[in-house]
Amino acid sequence: MVKNQKLCVIGLGFVGLPLGTTFAELGFAVTGIDASPRVKESLKQGRAHFAESGLQELLDRVLGKSFHVADAVEKGAHDIYIIAVGTPIDDSTKEPMMEYVEGASRTIGKALKKGDLVIMRSTVPIGTTRKIVLPLLEEESGLTGGKDFDLVFAPERLVSGKALIELKELPQIIGGYKGEKDVVRASALFSTMTPFIVPVENLEAGEMGKLIDNTYRDLHFAYANQMARLAEKVGVDMTRLASDVNNGYKRNRIPTPSPGVGGICLKKDPYLLMYSGKEYGFHPFLTESAREMNAQMPLHVAERALVLLSAAGKEPSSSTVFVLGFAFKGKPVTSDTRDSPTTTVVQALQKAGCKVIGYDPVVPSDHLASLKVEPASIEEGFKRANAVIIMTNHPEFESLPIEKLIASMAKPAALLDGWHLFDPSLFREIPDFYYAGVGNN
């Protein structure tokens, strides 16, 4: 019976921890491993180290029972290993850093026994599982993949803030190394979590499928942001226009423009695809152009904020800017600040000489402090600021008493509404007040 098998999850971040604790609640004995002392200490004290809806409550139910955090992998103690470590991008070369994947593969290889199943879940360049993971597993174990142990690629496809829900609802793609046995084994495992299994033809199909998901979304958002930049020049409101042209026209799904496309996946995965294309002798130029457009947006937002300050007669060196939203997105709610567009905006404003104060409903204040941003309440922030920038569409921001808050600001003052949360007509008659959004003036 599949639930009699013992699981080991390597990497307890945004992918591994929700997965491991969900399997534990389903009745599996799960051991979690993470190289970070901070992560291990937090979990051993019973605290999830990031905000994810329902995760802390789930951890409370399974920790020390069916889910245990260990310092090392015990040789021969598990039947199924899941690699869920990060694959960061080098900032200078824009190429993947594979140290974590290689380290996890070697660790598992040393513990592997005949009959085990290894599941690669980290997002990687196409060909990684076959060309890097498999040889390291075989080298460290002395076993042969496809004969002595099984190997599959089974990507995560979750949205931060809905991870625990989507683990049980979304289709699970599975690509195997050799034959059908490895896919059948992995399907039996994931079928305990979700009824929708999608077998694909091989490891490479699984890896490419994950990259397709996120690079398509990045391209989709880039189109809206490109049109927003044009709309600013033309003098129309792109958010309103997108809604109008989508209305009743089922072939359109034009998204709302945004102050930037962030998050570790949407920012990283295009570079993984571009790297894969290079390895296979192909240049995915659409993916490259989309990433360039989205990468420009936070700097564009900072530039627009500085223009608003100038219109208000304020020099950056004597201006205070209040930034709302430091997570990479507002919906679903998350505390994940990795590759958040807000970071780029804040750094650009500080470079121009502005003092930045900030607020986020769920991001810890020590993250703001790490950016040299002074935390402030919403009321205090508006009162102290010469300009306010709304960087995420967090539900709390949608219900702000915006007219009352603006009335509390010393004039002249400015607002840049990055998510079009408020009707621009609200601000047209306010004396000495300057407004702009993304995709409108």
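Could you say whether any residue in the range 194-212 is among the hydroxyl-bearing types (Ser, Thr, Tyr) and more than 24 Å from ARG253 (Cα to Cα)?
Among the residues of the range 194-212, at least one is among the hydroxyl-bearing types (Ser, Thr, Tyr) and more than 24 Å from ARG253 (Cα to Cα), which makes the answer yes.
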(request) Give the range 381-406 a look and list any residue that's crowded, with 21+ Cβ neighbours inside 10 Å and not in a helix (DSSP H, G or I), or say none. (result) ALA385, ASN386, ALA387, VAL388, ILE389, ILE390, MET391, THR392, HIS394
(message) Here's a check for you: in the range 332-343, which residue that is farther than 17 Å from LEU55 by Cβ and in a loop (DSSP other than H, G, I, E, B) is modelled with the highest pLDDT?
(response) SER340
(request) List every residue pair whose Cβ atoms sit under 7 Å apart, with the two residues 6 or more apart in sequence or on different chains, where the first one lies in the range 310-322 and is surrounded by fewer than 17 Cβ atoms within 10 Å (Cβ to Cβ) and the second, anywhere, is of a type in the set (Ser, Thr, Tyr). (result) ALA311/TYR434
(message) Being of a type outside the set (Gly, Ala, Ser), surrounded by 21 or more Cβ atoms within 10 Å (Cβ to Cβ) and assigned to a loop (DSSP other than H, G, I, E, B) is the filter here; which residues of the range 248-291 pass it?
(response) PRO257, PRO259, VAL261
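Listed here are the residues, each with its yes/no results for (1) within 22 Å of the chain's Cα centre (by Cα); (2) in contact (Cβ under 8 Å) with a residue 40 or more places away in the chain.
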{"site": "SER377", "(1), (2)": "no, no"}
{"site": "GLY381", "(1), (2)": "no, yes"}
{"site": "ILE389", "(1), (2)": "yes, yes"}
{"site": "PHE397", "(1), (2)": "yes, yes"}
{"site": "LEU400", "(1), (2)": "no, no"}
{"site": "LEU416", "(1), (2)": "no, yes"}
{"site": "PRO424", "(1), (2)": "no, yes"}
(request) Evaluate the following for MET97: is it within 18 Å of GLN5 (Cα to Cα), under 22 Å from the mean Cα position of the chain (by Cα) and not polar (S, T, N, Q)? (result) no
(request) Consider PRO298 carefully, then state whether it is in contact with a Gly (Cβ under 6 Å, 6 or more places away or on another chain) and surrounded by fewer than 22 Cβ atoms within 10 Å (Cβ to Cβ). (result) no
(message) Return the residues of the range 148-157 that are surrounded by fewer than 21 Cβ atoms within 10 Å (Cβ to Cβ) and either closer than 24 Å to ILE197 by Cβ or touching a Phe, Trp or Tyr at 6+ places or on another chain (Cβ under 8 Å) (or both); say none if nothing qualifies.
(response) ARG157
(message) Quick test for you: out of ALA413, ALA369, pick the one residue that is on the phi < 0 side of the Ramachandran plot, of a type in the set (A, V, I, L, M, F, W, C) and in contact with an Asp or Glu (Cβ under 9 Å, 6 or more places away or on another chain).
(response) ALA413
(request) Give the residue that is farthest from GLU138 (Cα to Cα), with candidates limited to residues of the range 176-197 that are without any contact (Cβ under 8 Å) to a residue 40 or more places away in the chain and within 23 Å of the chain's Cα centre (by Cα). (result) THR194
(request) Being assigned to a loop (DSSP other than H, G, I, E, B) and either in contact with a strand residue (DSSP E or B) (Cβ under 9 Å, 6 or more places away or on another chain) or not hydrophobic (A, V, I, L, M, F, W, C) (or both) is the filter; apply it to the range 407-421 and report the residue that is nearest to GLY161 (Cα to Cα). (result) TRP419
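Only one of THR128, THR107, THR123 is modelled with pLDDT of 95 or more and under 30 Å from GLY330 (Cβ atoms). Can you tell me which?
THR123
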(request) Please report, ordered by residue number, the strands (runs of 3 or more DSSP E) entirely within the range 1-89 with at least 1 residues that are crowded, with 18+ Cβ neighbours inside 10 Å and among the small types (Gly, Ala, Ser). (result) 29-33
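How many residues does the range 131-164 contain that are within 30 Å of PHE328 (Cα to Cα) and in contact with a Gly (Cβ under 8 Å, 6 or more places away or on another chain)?
Going through the range 131-164 one residue at a time, the tally reaches 5.
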(message) For GLU139, only one of the following conditions fails: (1) surrounded by fewer than 16 Cβ atoms within 10 Å (Cβ to Cβ); (2) within 29 Å of the chain's Cα centre (by Cα). What is its number?
(response) (2)
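The values are calculated or read from the model by the stated rules, or taken from the named source; none is laboratory data. All values derive from a computational prediction rather than experimental measurement. A quick note on method: Cβ atoms are made from the backbone with ideal geometry, for glycine too, and the neighbour counts reach across all protein chains shown.
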